[in-house]
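Structure first, commentary second.
Nothing in this text is a laboratory measurement; each read-out follows from the coordinates by a stated rule. These numbers were taken from a predicted model, which means no experiment stands behind them.
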Amino acid sequence: MDRRSFLQTSGLVSAAGLASIADLDSSIAGSSNGVKENGHSIDTVQTWHFQDLWRCDHFDNLKLRQGQPIWQSDAIYSEPHVGSLSAWPTVFRHADSGRWRMLYSADWKPYSLMIADSEDGLHWQPLPQPDISPAGGKLAPHHLFTLPEGSGGTVYHDPVADDGFPYKVYVHQHGKPVLERAIADPKHRWHTIAKNEGEKRYLADEFMLVSQDGINWQTRFDLQWSQQDWHPEPPIFGFFNRHTCRHQMTVRPGWGDRRQCIQSTDDFISWSGPELLLQPDALDDELIELYGMPVFPYGDGYVGLPWIFHCESIEPTRGFNRFIGPLDCQLAFSSDGNRFTRGFRTPFIPCNGPGEHAEL
């Protein structure tokens, strides 16, 4: 019997009835004991994930509210050696040590992979790797890899890894490294332009970084995830779709186009091509852009964390992009990993006050 039927058949509330409702609340929290009231048996209620909004039709006197993470100020981690920006963090449990590890880039560009360690997943410290020598020199003891003129997103922790590389990063590179590769390789897609016209701003390659252990990294130029006429800018995020058994990516439709697309692959070579996933709509405030959206498995579905850029002006500050305005995080969810519904258009992870870390 559902809760609505229970309340309708319980009649007047008595002390015993209140106790029964309290017991029902405990069953919602996961108790294995059913409740009996006036001869009616209440089965154990399982946890309901927030994306199951249709279940609200079975409730009376219920209001849908959005929860919010709790900021733990003593658990702030900032890159201690290279500037002040720690970008695109990925946290995972290290199987051998049982401790938590975090991979991140010390800056937006160049993509500079760093590693940190934690016992509880909250309080972090750099994890020195003295045997690693990144290209261009080691920036700090915990510096693992540098992609010159490159940028990317979070590390994708591949749960299948049938290619032997559980750790992957989708990256974008332009500038001199792309020009040199294009001139040297007659089969490179930019070879003719690079040879005849030299460096151009639009010359770009999109490929992958891979690692067996999360510490030793290598480039895989053969694993191209872009298209002949599609070279979007980062951030780029990967996740595994358990329903289709395919690797998926959330990415922008193009350079400077701050909406969200999705594409998928089963071998990191042949990609489906981008399909528009989310863009600002009539329920949004004005001058909203969807900067990026990491996705995580949650229950039987998926949770997306769309980064919402609140632009202060319609005019770009330089070039064709807007750069001025705060950025917070809202909530989206999906039952199949392909179609996402945005929840309340209010911050799930809001900004802190001036002078504090920008997000909770």
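The lysines within cross-link reach of LYS200, meaning a Cα-to-Cα straight distance under 17 Å and a gap of 8 or more places when in the same chain, are LYS176.
Semi-axes of the equivalent ellipsoid of region 173-293 are 28, 21, 13 Å, computed as sqrt(5λ) over the eigenvalues of the C-alpha gyration tensor in descending order. Please work out whether region 75-135 counts as rounded, prolate or oblate from its C-alpha gyration tensor, where a ≥ b ≥ c are the square roots of the eigenvalues and a/c under 1.5 means rounded, while otherwise a/b larger than b/c means prolate and anything else oblate? In terms of gyration-tensor shape, oblate. Coordinate range of the alpha-carbon atoms in region 229-310 per principal axis, descending: 39, 36, 18 Å. Here the Karplus relation 6.51 cos²θ - 1.76 cosθ + 1.60, evaluated at θ = phi - 60°, turns the backbone of region 154-166 into coupling constants of 6, 6, 8, 8, 6, x, 9, 6, 6, 9, x, 10, x Hz, with x for every Gly and Pro.
3J(HN,Hα) along region 98-106, derived from phi through the Karplus expression 6.51 cos²θ - 1.76 cosθ + 1.60 where θ = phi - 60°, amounts to x, 9, 8, 10, 10, 10, 7, 9, 6 Hz, with x in place of Gly and Pro. Once divided by 2.2 N^0.38 Å, the Cα radius of gyration of region 75-342 becomes 1.01.
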